[in-house]
Every structure is written in C-alpha cells, then in structure tokens.
1. So if R0 is 25 Å, what FRET efficiency would N116 and F34 give, r being the distance between their Cβ atoms, rounded to the nearest 0.05?
2. Do me a favour and compute the ellipsoid semi-axes for segment 19-80 from its Cα gyration tensor, root of five times each eigenvalue, largest one first, whole Å.
3. Sort out for me the Cα centre separation of segment 59-77 from segment 78-121, rounded to whole Å.
4. Taking 4 °C and 1.567 mPa s as the conditions, I'd like the Stokes-Einstein D for segment 1-49 in µm²/s, using the Kirkwood hydrodynamic radius from alpha carbon pairs.
5. Between K20 and K79, what is the label-point separation in nm under the 7 Å Cα-to-beta-carbon projection?
6. Testing the spin-label approximation: label points 7 Å from Cα along Cα→Cβ at D27 and A72. State their distance in nm.
7. Viscosity 0.890 mPa s, temperature 25 °C: give me the Stokes-Einstein translational D for segment 1-117 in µm²/s, with Rh taken as the Kirkwood radius over C-alpha pairs.
8. Rounded to the nearest 500 deg cm²/dmol, what is the calculated helix-only ellipticity per residue at 222 nm for the chain, with -39500 (n - 2.57) per DSSP H run of length n ≥ 4?
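Just so it is clear, none of the values below were taken in a lab; they were calculated from the coordinates. Predicted, not measured: the structure shown is a model, and the values here were computed from it. Reconstructed Cβ throughout: ideal geometry from the backbone, glycine too, with neighbour counts over all protein chains shown.
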Amino acid sequence: MGAWGTGSFENDDAADWVGKLGTITPDDLTKVLFRAADDPAYLEAPAASAAVAAGEVVAALNGSPAEGAPAAIADWAKKYPNALTPELKALAMRTLDRVRKNSELKDLWMEADGLNEWIGAMRELQARLER
C-alpha cells in the first residue's frame, strides 16, 4: 500500500477506487461495502481502503462529505441523490467498524505507529455518517 497519510483518500488503493467512481453504480457501491463487512477472510489493505472510500461516498450522500474530498465523490452523489437509504448507512457503519477493528489496513497503521491518528480519522468519518 502506498500511503502518504491517515485520511480516507491518502493512499493509492483509495485513490484508484475513486478514479473508477464514474463507472460505479449504487449496486456496485453496496457490493463493495458488503464484501468488506461480511467476507470471513482476512480483509486485505486494498479492499479495506476501497471500503473506506466507499464509506466516504455514503457520507457525501448523507450531506457530510469529507473536507477536501475528490470532486468525483460530489459528482457521484449528485448523480445518485436517491441512493442513500437507512440500510446503506448501517452497512457503511458496519463496514467501517470491521476495517477499524480487524483489517490489514489497521495492522499496517499499528506497525507504522500511526494507529491512533488513523482511528481518529475513521471515527470522524463514522461521526459524519451518523449525522
């Protein structure tokens, strides 16, 4: 994982996923979140990073986009304004809980001594989802 910060978009995997956002439908977004939340296998960093970026899309749909989020996220939210449902918000929260508690992404931040800062960023995203 090429990481340059603890923010949701500050790694290559998330940036790559956001770069493909124009081809992603609401069903695709839901699938990304479901896979990350429910796959019993160890959640690798690329999938976890994509799930965090997907969570940011849900936060934008919820009217709480990240400061400095890529324009593609706002564009996607405008294209699919009715994609937000209570079930999608709950799925995004469940996904982010899993990423934060049990994923390679968490383990990498722990090894890099950036875990507290990264967890703070994850909790801030979850707070924006709860608004």
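1. Taking R0 as 25 Å, the efficiency between N116 and F34 is 0.30.
2. Sorted largest first and rounded, they come to 21, 12, 10 Å.
3. After rounding, the separation between the Cα centres reads 15 Å.
4. Once the numbers are plugged in, D ends up at 112 µm²/s.
5. It works out to 1.4 nm between the two label points.
6. About 2.1 nm separates the two model spin labels.
7. In µm²/s, the coefficient is 174.
8. Computed mean residue ellipticity for the chain: -21000 deg cm²/dmol.
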